[in-house]
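Here is the structure we will look at, set down as structure tokens.
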Amino acid sequence: MASMRDIKRRKGSIQSTQQITKAMKLVSTVKLQRSKAHAEQTKSYFTCMYDTVKSMIVKAGALDHPYLKTGASDKKAVIVITSNRGLAGGYNSNVVKLITRGELAEKKEDLIIHAIGKKGRDLLARAGYRIAEKDYSEVIEEPTYVEAMQLAQELLKSYMDGEIGEIYLAYTYFKNTVVHEPKLLKLLPVSLEDERDIGEEAQDAAQNALEDKAMMNFEPEADEALNLIIPKYVASLIYGALIEAVASENGARMQAMDSATSNAEEMIGKLSLQYNRARQGSITQELTEIIAGAEAIS
């Protein structure tokens, strides 16, 4: 049985850890409120962009456009959005599992990982995946549309040059404070069959557009219009995923720190009980020794 000193030392260590987890929970809560509000404010724009592109494809009909057909290369670029820090429960590992255990798992040698976030980059590098040379990890700290557009332009150039044949996006969709779903989206080639779950509102809007038979007109011609809108569409989905990922990360970290704080409280309670029992046993032993000594003297 552990001594009173050992129990007291361990209890103090856990109390110190609990103070840290409480502080981290408070910080994550504040960040979550800000990132959640940002995600909700920008969702309407991405819903409209998604709806517009779907409608344009329906309106254009059977169009032979590079953005609507798979490239000649077998290589696939995958944008993986994770965090730069841990202590967020299964947030990072769940995104990585989309690659290592999902539909792309059998095409490991064809994947080029464009990692946004150090945790995902390190996990996939250890798993033997090819990581793009350029590091995008700092983008996740304060995502901006300009940075999303720069990444989109680089990937679109590689796509048009025939270096890659498909572009995917792996991130965590922020459904609400406690529910965060890892998603794998196919950005290019764009097609009506693709399931891009960027939110229920976007899906409903796209479905309504299809049911209305895309009653819209656009200028200039379909080829030129798609050349203009698809890059913005890709950049918008990347930026939207970054915003969703930030909110999901803070939500996951808040939950993880709340669980850690509760577990620490439970452990402190058990150690307090052990300490009291050990203290009671020590007092009882001392009293027994005193009584035995008194009887021996008498």
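Of the residues making up the range 125-135, those that are more than 15 Å from Lys76 (Cα to Cα) and either basic (Lys, Arg) or crowded, with 20+ Cβ neighbours inside 10 Å (or both) number 2.
Within the range 228-243, one or more residues are modelled with pLDDT under 90 and out of contact with any helix residue (DSSP H, G or I) (no Cβ under 8 Å at 6 or more places or on another chain). When the range 88-111 is filtered for residues that are closer than 30 Å to Ile20 by Cα and surrounded by 15 or more Cβ atoms within 10 Å (Cβ to Cβ), the ones remaining, listed by number, are Ala88, Gly89, Tyr91, Asn92, Ser93, Asn94, Val95, Val96, Lys97. Would you tally the residues in the range 37-60 being basic (Lys, Arg) and in contact with a Gly (Cβ under 8 Å, 6 or more places away or on another chain)? Of the residues in the range 37-60, 1 are basic (Lys, Arg) and in contact with a Gly (Cβ under 8 Å, 6 or more places away or on another chain). The conditions of being farther than 22 Å from Pro143 by Cβ and either outside any helix (DSSP H, G or I) or in contact with a His (Cβ under 8 Å, 6 or more places away or on another chain) (or both) are met by Ala2. Scanning the range 30-56 for residues that are within 21 Å of the chain's Cα centre (by Cα) and among the acidic types (Asp, Glu) returns a single hit, Glu40.
Of the residues making up the range 157-212, those that are over 23 Å from the mean Cα position of the chain (by Cα), modelled with pLDDT of 90 or more and crowded, with 21+ Cβ neighbours inside 10 Å are Tyr159, Ile164. Tell me, yes or no, whether the range 138-154 has at least one residue that is farther than 23 Å from Pro189 by Cα, touching a helix residue (DSSP H, G or I) at 6+ places or on another chain (Cβ under 8 Å) and in a helix (DSSP H, G or I). Within the range 138-154, one or more residues are farther than 23 Å from Pro189 by Cα, touching a helix residue (DSSP H, G or I) at 6+ places or on another chain (Cβ under 8 Å) and in a helix (DSSP H, G or I). Can you say whether Lys69 is within 30 Å of Asp110 (Cα to Cα) and surrounded by fewer than 18 Cβ atoms within 10 Å (Cβ to Cβ), as far as the supplied structure shows? In short, yes. Can you tell me which residue among Gly89, Gly102, Gly128 is touching a residue at least 12 places away in the same chain (Cβ under 8 Å) and more than 26 Å from Gly165 (Cα to Cα)? When all the criteria are applied, what remains is Gly89.
Just to verify a result, which residue in the range 254-297, among those that are free of Cβ contacts under 8 Å to residues at least 40 places away in the same chain and among the β-branched types (Val, Ile, Thr), is surrounded by the fewest Cβ atoms within 10 Å (Cβ to Cβ)? By that ranking, first place goes to Ile297. Restricting the range 58-71 to residues that are part of a helix (DSSP H, G or I), among the hydrophobic types (A, V, I, L, M, F, W, C) and over 30 Å from the mean Cα position of the chain (by Cα) leaves a set whose member that is nearest to Ala241 (Cα to Cα) is Val58.
Across the range 72-87, the qualifying residues are those that are within 29 Å of the chain's Cα centre (by Cα) and small (Gly, Ala, Ser), and the one among them that is surrounded by the fewest Cβ atoms within 10 Å (Cβ to Cβ) is Gly86. If you go through the range 105-120 and keep only what is in contact (Cβ under 8 Å) with a residue 40 or more places away in the chain and farther than 12 Å from Ala170 by Cβ, you end up with just Ile112.
So that you can scan it fast, the table gives a plain yes or no per residue for (1) assigned to a loop (DSSP other than H, G, I, E, B); (2) within 30 Å of Glu221 (Cα to Cα):
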residue: Ser73; (1), (2): yes, yes
residue: Val78; (1), (2): no, no
residue: Asn84; (1), (2): yes, no
residue: Leu87; (1), (2): yes, no
residue: Ile99; (1), (2): no, no
residue: Glu103; (1), (2): yes, no
residue: Ile112; (1), (2): no, no
residue: Leu123; (1), (2): no, no
residue: Lys134; (1), (2): yes, no
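Of the residues examined, Gly117 is one that is surrounded by 17 or more Cβ atoms within 10 Å (Cβ to Cβ) and among the small types (Gly, Ala, Ser).
The values are calculated or read from the model by the stated rules, or taken from the named source; none is laboratory data. Because the structure is predicted, anything quoted here is derived from the model rather than measured. Cβ coordinates were reconstructed from backbone atoms using ideal geometry, including for glycine residues, and neighbour counts include every protein chain displayed.
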